[in-house]
Amino acid sequence: MDGSARSCLRNVKYLDDLPASMSEAQTVDGTPGIASELTAFQRNILTILAEEARYGLAIKRELESYYDSEVNHGRLYPNLDDLVEMGLVEKSELDKRTNQYALTEAGEQALLDQFEWEFARFVTEDGRADALRDLVDSVE
């Protein structure tokens, strides 16, 4: 294990905090760009914000529903701040105590790039392509 992987693992508290590529600074040709540098937890935040802009506690509730367990503030807000810093999420003030978070165009593109990368590997036969079409049709 190289030094960057050891460093990454040292800072991991939750399995979903592992970066998809195990190296947050490294991208490989054929990967989904910045999406490959995000943790599953961060991608889930982007997915939630794709539906609509939300304030922090609403994001927290949605994540808790998905994970069926508590998501603490010390995990959520640093990840939101990282996504804001990456330009994938925009943070605005609703009032003096509440911030709202919205997906940016770059955040939407990161999700689309990730979906494209996943679908290209998942769709290896017509049946799988049909299953994905059915899934998309069911949520429209």
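The values are calculated or read from the model by the stated rules, or taken from the named source; none is laboratory data. All figures in this text were calculated on a predicted structure; none of them were measured in a lab. Reconstructed Cβ throughout: ideal geometry from the backbone, glycine too, with neighbour counts over all protein chains shown.
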Q.
Need the failing condition index for Q42 against (1) within 15 Å of A102 (Cβ to Cβ); (2) in contact with a helix residue (DSSP H, G or I) (Cβ under 6 Å, 6 or more places away or on another chain); (3) of a type outside the set (A, V, I, L, M), just the number.
A. (1)
Q. Of the residues T104, T31, which is surrounded by 16 or more Cβ atoms within 10 Å (Cβ to Cβ), at pLDDT 90 or above and among the polar types (S, T, N, Q)?
A. T104
Q: Considering only segment 81-113, state which residues are part of a loop (DSSP other than H, G, I, E, B) and closer than 19 Å to E52 by Cβ.
A: L88, L94, D95, T98, T104
**Q.** Scope segment 82-100; condition exposed (fewer than 14 other Cβ atoms within 10 Å of the Cβ), without any contact (Cβ under 8 Å) to a residue 40 or more places away in the chain and over 18 Å from A35 (Cβ atoms); matching residues
**A.** S92, E93, L94, D95, K96, R97
Q: Hey, could you check segment 34-59 for residues that are more than 12 Å from the chain's Cα centre (by Cα) and either at pLDDT below 95 or of a type in the set (D, E, K, R) (or both) and say which is farthest from G107 (Cα to Cα)?
A: R54
Q. Could we say that E62 is acidic (D, E), surrounded by 14 or more Cβ atoms within 10 Å (Cβ to Cβ), under 23 Å from V136 (Cβ atoms) and at pLDDT 95 or above here?
A. yes
Q) Tell me, which residue of segment 45-59 that is surrounded by 13 or more Cβ atoms within 10 Å (Cβ to Cβ) and without any contact (Cβ under 8 Å) to a residue 40 or more places away in the chain is nearest to N99 (Cα to Cα)? A) A58
(Q) Condition first: under 18 Å from I34 (Cα atoms) and of a type in the set (F, W, Y). Now tell me which residues in segment 112-137 satisfy that. (A) F115, W117, F119
Q: Tell me, please, whether a residue that is assigned to a loop (DSSP other than H, G, I, E, B), touching a helix residue (DSSP H, G or I) at 6+ places or on another chain (Cβ under 6 Å) and surrounded by 13 or more Cβ atoms within 10 Å (Cβ to Cβ) can be found in segment 114-127.
A: yes
